Every structure is written in structure tokens, then in C-alpha cells.
């Protein structure tokens, strides 16, 4: 996989796109629902941007990194026949892709901020796909940015995500009330 595009220019999309580009994967296009966010990230990556899902072009991989509430709608509105698609959600399974062929999950077990540069080398990435060949490709591309890549089912990933959210948010909540 040599070319990727990102659907989402928030915290996760920003960090992953910058890290992939830094590690030799060409980012071709950024989509965001807001023009300002799309332009800003695209200028950092020297790539094209759009706010129209119909303008997303076929590439080697589409990474959808939008809020969980919008994930299904975004995937349904992508009209790509040749591009494999993954999402980065910790709590949504493969069923969101419905009839699309090469699909998967590339879930980073990490809290992100687009304003703080990150090194993702030791961040665990959880991979899942029903297509074993595509799963191998996903594992390979994840290893471009992380040394900690794991195959994990939706059920196990959801439990891991819930535990991580609880651990992170509970400690923050306790600090705020103390």
C-alpha cells in the first residue's frame, strides 16, 4: 500500500496521516465536514482536500477516522468500488461495512490530540478483517508506524476499548473532583 486517504481531520486522522506520511506512505486526500479542518490538515500533508464524499478518489487504502456517531453514514455515502476501507473505532465492528469487499479495523489504543505531536512507535494497534489477505496488508501497514500490532476480534476490542476509556476518563474525573 503506497497511497492512502483520510476521511476525518480530527485528532486521530491528523496524527495517523502525519505519521504515515512521515513513514513513507503518500497521503493523497483529506476529507472533513468542515472546509477549514480539511484545508489545514491537507496543507500540512501537501495533498488535496474536499468536503464532498463523492470527490474521494480511489487509492490503496481509505482510513475513516470520524466520530462513532457519524461512521455508518460516512461509510454508506462513500461510492468507491476499488479502494479498501478501514475505520479506527474501538467500539464499532466490521458489520458497519455491509457489502463492501476489502474492509477492516485499524484501532489505535491511544488518546489523541492533534495539537500535541506524537510518536506512535509503541502505541498498540488492533487489526481486524474478515479477509485474511487484507488483514496481512493491514498488519504490514500498521507496522510502518508501530511496533505493537495485534489481531483482535470485535468482541475483544470492544472490551479493551471500554476498559481503556474507563481507566483514562475515571482517573481524569477523580482528579477533577479532588
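The values are calculated or read from the model by the stated rules, or taken from the named source; none is laboratory data. All of these numbers come straight from a predicted model, not from anything done at the bench. Ideal geometry is used to build each Cβ from the backbone, glycine not excepted, and the neighbour counts take in all protein chains shown.
Among the conditions (1) out of contact with any strand residue (DSSP E or B) (no Cβ under 7 Å at 6 or more places or on another chain); (2) in a loop (DSSP other than H, G, I, E, B); (3) at pLDDT 95 or above, the only one that residue 146 does not satisfy is (1). Screening residue 156 against (1) in contact with a strand residue (DSSP E or B) (Cβ under 9 Å, 6 or more places away or on another chain); (2) part of a helix (DSSP H, G or I); (3) crowded, with 16+ Cβ neighbours inside 10 Å leaves a single unmet condition, (3). If I filter the stretch 47-68 for residues that are under 16 Å from the mean Cα position of the chain (by Cα) and without any contact (Cβ under 8 Å) to a residue 40 or more places away in the chain, do I get at least one hit? Looking for residues that are under 16 Å from the mean Cα position of the chain (by Cα) and without any contact (Cβ under 8 Å) to a residue 40 or more places away in the chain, one finds at least one in the stretch 47-68, hence yes. Tell me, yes or no, whether the stretch 164-171 has at least one residue that is at pLDDT 80 or above and assigned to a helix (DSSP H, G or I). The answer is no, given that none of the residues of the stretch 164-171 is at pLDDT 80 or above and assigned to a helix (DSSP H, G or I). Residues that are more than 25 Å from residue 151 (Cβ to Cβ) and touching a helix residue (DSSP H, G or I) at 6+ places or on another chain (Cβ under 7 Å) do occur in the stretch 51-62, at least one of them.
Return yes when residue 78 is over 22 Å from residue 125 (Cα atoms), out of contact with any strand residue (DSSP E or B) (no Cβ under 6 Å at 6 or more places or on another chain), surrounded by 14 or more Cβ atoms within 10 Å (Cβ to Cβ) and in contact (Cβ under 8 Å) with a residue 24 or more places away in the chain and no when it is not.
Against the criterion (over 22 Å from residue 125 (Cα atoms), out of contact with any strand residue (DSSP E or B) (no Cβ under 6 Å at 6 or more places or on another chain), surrounded by 14 or more Cβ atoms within 10 Å (Cβ to Cβ) and in contact (Cβ under 8 Å) with a residue 24 or more places away in the chain), residue 78 qualifies.
Can you name the residue in the stretch 104-116 that is surrounded by fewer than 22 Cβ atoms within 10 Å (Cβ to Cβ) and in contact (Cβ under 8 Å) with a residue 12 or more places away in the chain and is also nearest to residue 159 (Cα to Cα) among such residues? Within the stretch 104-116, the match that is nearest to residue 159 (Cα to Cα) is 109. Are any of the residues in the stretch 31-50 touching a helix residue (DSSP H, G or I) at 6+ places or on another chain (Cβ under 7 Å), surrounded by fewer than 20 Cβ atoms within 10 Å (Cβ to Cβ) and under 26 Å from residue 95 (Cβ atoms)? Checked against the condition, which is being touching a helix residue (DSSP H, G or I) at 6+ places or on another chain (Cβ under 7 Å), surrounded by fewer than 20 Cβ atoms within 10 Å (Cβ to Cβ) and under 26 Å from residue 95 (Cβ atoms), the stretch 31-50 yields no hits at all. With respect to residue 92, is the statement that it is surrounded by 17 or more Cβ atoms within 10 Å (Cβ to Cβ) and within 21 Å of residue 159 (Cα to Cα) true? When the stated conditions are applied, residue 92 passes them. Looking across the stretch 117-126 at every residue that is within 13 Å of residue 16 (Cβ to Cβ) and at pLDDT 90 or above, the one that is surrounded by the most Cβ atoms within 10 Å (Cβ to Cβ) is identified as 125.
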